Every structure is written in C-alpha cells, then in structure tokens.
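Sending over a structure as structure tokens; questions will come in a sec.
The values are calculated or read from the model by the stated rules, or taken from the named source; none is laboratory data. Just so you know, these numbers come straight off a predicted model, no measurement behind them. With ideal geometry, Cβ positions are generated from the backbone for all residues, glycine too; neighbour counts draw on all protein chains shown.
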Amino acid sequence: MSVYTQLTNDQFAAFCQRFGVSFARAIPITQGIKNSNWFIQTTDDVDGAHSYVFTLFEERPPEDIEKMAVILNQLDGKLPVAAPLALIDDEGLDSDKNSDDKRYVIHYDDKAITLVPCLAGSHPQQTTQAMCHEIGASLAVLHETLQQLQPAEEYGVPLYPWSDVRDREMQFMPGDEAKLMSDIWQSYTDLPLATLPKGLCHLDMFADNTLWNLSLNNSQKGEERLTGLLDFTEVSVEHYVMDIAITINDFCTTWGDAEQGESVNFDRNKMAAFLQGYESKRPLGNDEKRALSVMLAKAAVIFWLLRLNVIHYNRTEGRTGDNIMVKNPDLMKRLAAYHWAHVEKPQNNTVFVLLGNKVDNQVVGVFSNIMQAEQAREKLSNSSEFAIKEYTLDQLS
C-alpha cells in the first residue's frame, strides 16, 4: 500500500501481459505500510475505473506469496476474497511439474508480484455492531475452512520474532512503558498456551483490510454487507484467540484523528457483537474465553511493536517521501494499557510485617513483598532489632 519500488509503464505492461491483462495505467495506492501497490486500469476500463490490484511484495519472499495464493483459492467461494490471477505463460515452470499446475507469482528482483481482481466496496471509516458481528462470523469461517490445509505449517509463513523487536525497543522506552510491555508479555507467557486451539490465522484483519457495501441506504438501515477480505500476507499458524483479539482491537476501537487528540475509545458492546458472530460459526472453548483479556493486551503490544519496527526499518533503509505512511505506535500503546487495566490480576495473599524489638513486637509496617520490607528495615536505626514475619491473608496464624 505505500509505494516503495518504482516501475515504468513498460514494466507494468509486460508484467500484466503475463497475466493476460491489457495494461493502460497504474495508479499508486498510498494507504498501508508494507508493500508497493497500484490499481491497474486496463484498455477495456472506462475512464476512472480500474479492474485489478498489482502488488509488489517488498519483504515477503516469493515462496510465501505462493502459499498465500493456495490459501486464497481455498477460501474462494466461501468468503469474499480476491484470488490471484494465474500466469498464462510457462516461464520459470519447473520441468518436473505437471503442465496443468498453475502459478500465480512473478519473481522480480527476488520479490513477488501478483495481480488480483478489484473487489467491490469501500473501507469503513467507522464500524457498527452489525459489522462487528459479521466480521466475527467471517473470521470463524476462515479458521474452520483453512483447517483443510494440512499440515498447516506448510502453508503458513513463520511468525515474526517480535521478542527481538521488544528487546531492542524496550532499551529506549520510559520505565513505565517498558514495564507495561513486560507485564503483558509475562501474563501472556503464563497462559495455558498448550491448551488453546491453533491453526492458520489471518493476523491482520483490520477494518482497512476489509471492504463493505456502505451505500447510504444500507448504512441507515444497519445492513452493511461485507464484500471483501484483503491482505493475506501474514497468514501463519497461531492461536485462534490471538487472531480474534487482533481483529477485535481494530473493529471495536474508534481511533481519533490528530485534530481529536488521537484518542483511543474501545467499545465493549461491539466486542460482544463480534464474539456472538464468531461463536455462531465456531464456539470458543473455556480456556479461550479465559485467555481473551490477556490476548487483547498482547495483540495491542504486537502492533505497538510492529509500528515501532516500521519506523526503525524506514530509518535504517533511508526511506522518506510523501508515499511513506507511518501509523502512530502510541495509539496501540494506549490500547494495550486499556486492556491491561481490564485483565484480572492474580491477588497477592501474602504480606510481610516489620515488627519492633522482641519486647513489644510493635507493628512498624506492612509490605506486599519481602524486598520492600527489608529496604524499610535498613532505614531504621538499630535495624538488627527489627524482625520481618510473613503472614497469609484470610487465615488464622
């Protein structure tokens, strides 16, 4: 969606011809942060219309994009997706492959190129409860349908090493931000992850990766209809509840623009509608329900890190210009803090009591951990005369 690699009209025409498309014009798409994208107008299109989206994948290797094409073909007919066009030539076809095997990816400078049909509809500026219900149901259908691709690991791309980004970025964070990130990460690690169902997940189902029929009449009646699911480049094997959390975080949050102070407003009624939609197609297990609050916080942390990583990558690669869009990482930080405040924390049932000399055993202080109690004792004169005793709450001594 941002444009990083520049192509000439002759190059566009040659690439499109390999897909059987007669090229007339390429129109840059500047939304997004990862790949270079253009709308393609063909010689058959009327002025102002375009039939295809041409994508040059800047980071993902071509073999990953080949997997994506298989995934989209699997979903085609069950969900509104744009499956890549097949190449009409046999250039680069392996001699040991059947001539009927289709290829969907052009290799260009070790990068992948695909051409997909444009889907009808538009990106929503705001979501409704009805839209959240429908995207929830669609995500469940996606999870169920892709279970047919086995082993799943052969179709999903590897998960990004976000812990490496975390370790790099936390060095430069204020202490409170680093603690927030660390606490959420630890809480995620403490989940019973082995019991949570996994499979192929989209992992980037933001509202701007969806299209809807948003005609005025439909919007007024609450009958918005999903017409497109986009951007399957991040499909990986992950816990389904993480994919749910990622989607909820965007669909159920109203993001204020710069003039509104870039506020972050999470709508729990929209989340309830989303979960109702999802469970109409795939019921959640009890462990998944219990894990959701932590997953919502962890998902926000991942996208906080993603945006910091884009800034780091653009800086190290010297990327600048009007076509480069960077989303504010602070918005995801604020969402992570909101979710973390709603995570039920394990209660500390132990207190450490600092007692006076052995004669009167006067209570000098009560502390939640031994370190604080010891630090307090060290500040007292004749500290050796003071004792620290551990007590369990709500229990006879």
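Can you go through Thr247, Thr254 and tell me which one is at pLDDT below 95, outside the structural domain of Leu72 (by TED's automatic domain parsing) and of a type in the set (S, T, N, Q)?
Going through Thr247, Thr254 in turn, the sole match is Thr254.
As an exercise: evaluate Cys252 against (1) touching a residue at least 12 places away in the same chain (Cβ under 8 Å); (2) over 12 Å from Thr127 (Cβ atoms) and give the number of the one condition it does not meet.
The single condition Cys252 does not satisfy is (2).
Can you pull out every residue in the range 172-189 that is closer than 18 Å to Phe303 by Cβ and either among the polar types (S, T, N, Q) or not assigned by TED's automatic domain parsing to the domain that holds Pro329 (or both)?
Listed by number, the residues that qualify are Ser182, Ser187.
Out of Ala82, Ala120, Ala69, I need the residue that is surrounded by fewer than 16 Cβ atoms within 10 Å (Cβ to Cβ), at pLDDT below 95 and in contact with a strand residue (DSSP E or B) (Cβ under 8 Å, 6 or more places away or on another chain). Which one?
So the residue among Ala82, Ala120, Ala69 that is surrounded by fewer than 16 Cβ atoms within 10 Å (Cβ to Cβ), at pLDDT below 95 and in contact with a strand residue (DSSP E or B) (Cβ under 8 Å, 6 or more places away or on another chain) is Ala120.
Restricting to the range 35-66, and then to whatever is within 19 Å of the chain's Cα centre (by Cα) and in a helix (DSSP H, G or I), can you tell me which residue is farthest from Leu119 (Cα to Cα)?
Selected residue: Asp64.
Just one of Leu230, Leu159 is under 16 Å from Val241 (Cα atoms), modelled with pLDDT under 95 and among the aliphatic types (A, V, I, L, M); which is it?
After ruling out the rest, the residue left standing is Leu159.
Something else: For the range 188-196, check the following and say yes or no: at least one residue is in a loop (DSSP other than H, G, I, E, B) and in contact with a strand residue (DSSP E or B) (Cβ under 6 Å, 6 or more places away or on another chain).
Yes: the range 188-196 contains one or more residues that are in a loop (DSSP other than H, G, I, E, B) and in contact with a strand residue (DSSP E or B) (Cβ under 6 Å, 6 or more places away or on another chain).
Report, ordered by the first and then the second residue, all pairs with beta carbons closer than 7 Å, sequence separation of six or more or different chains, a first member in the range 282-304 that is closer than 20 Å to Glu234 by Cβ, and a second member that is outside any helix (DSSP H, G or I) and of a type outside the set (Ser, Thr, Tyr).
Ala297/Val343
Evaluate the range 58-80: report whether one residue or more is touching a Cys at 6+ places or on another chain (Cβ under 9 Å) and farther than 15 Å from Phe15 by Cα.
Checked the range 58-80: no residue is touching a Cys at 6+ places or on another chain (Cβ under 9 Å) and farther than 15 Å from Phe15 by Cα.
Identify the residue in the range 20-58 that is farther than 24 Å from Glu234 by Cα and among the hydrophobic types (A, V, I, L, M, F, W, C) and, among all such residues, is surrounded by the fewest Cβ atoms within 10 Å (Cβ to Cβ).
Val46
Here's something else I'd like to know. I need the full set of residues from the range 143-158 which are in contact with a helix residue (DSSP H, G or I) (Cβ under 9 Å, 6 or more places away or on another chain) and either assigned to a helix (DSSP H, G or I) or without any contact (Cβ under 8 Å) to a residue 60 or more places away in the chain (or both), in order please.
Within the range 143-158, His143, Thr145, Leu146, Gln148, Ala152, Glu154 meet the criteria.
Looking at (1) over 30 Å from Ile27 (Cα atoms); (2) of a type in the set (Gly, Ala, Ser); (3) not in a helix (DSSP H, G or I), which one does Ala130 not meet, given that it meets all the others?
The number of the failed condition is (3).
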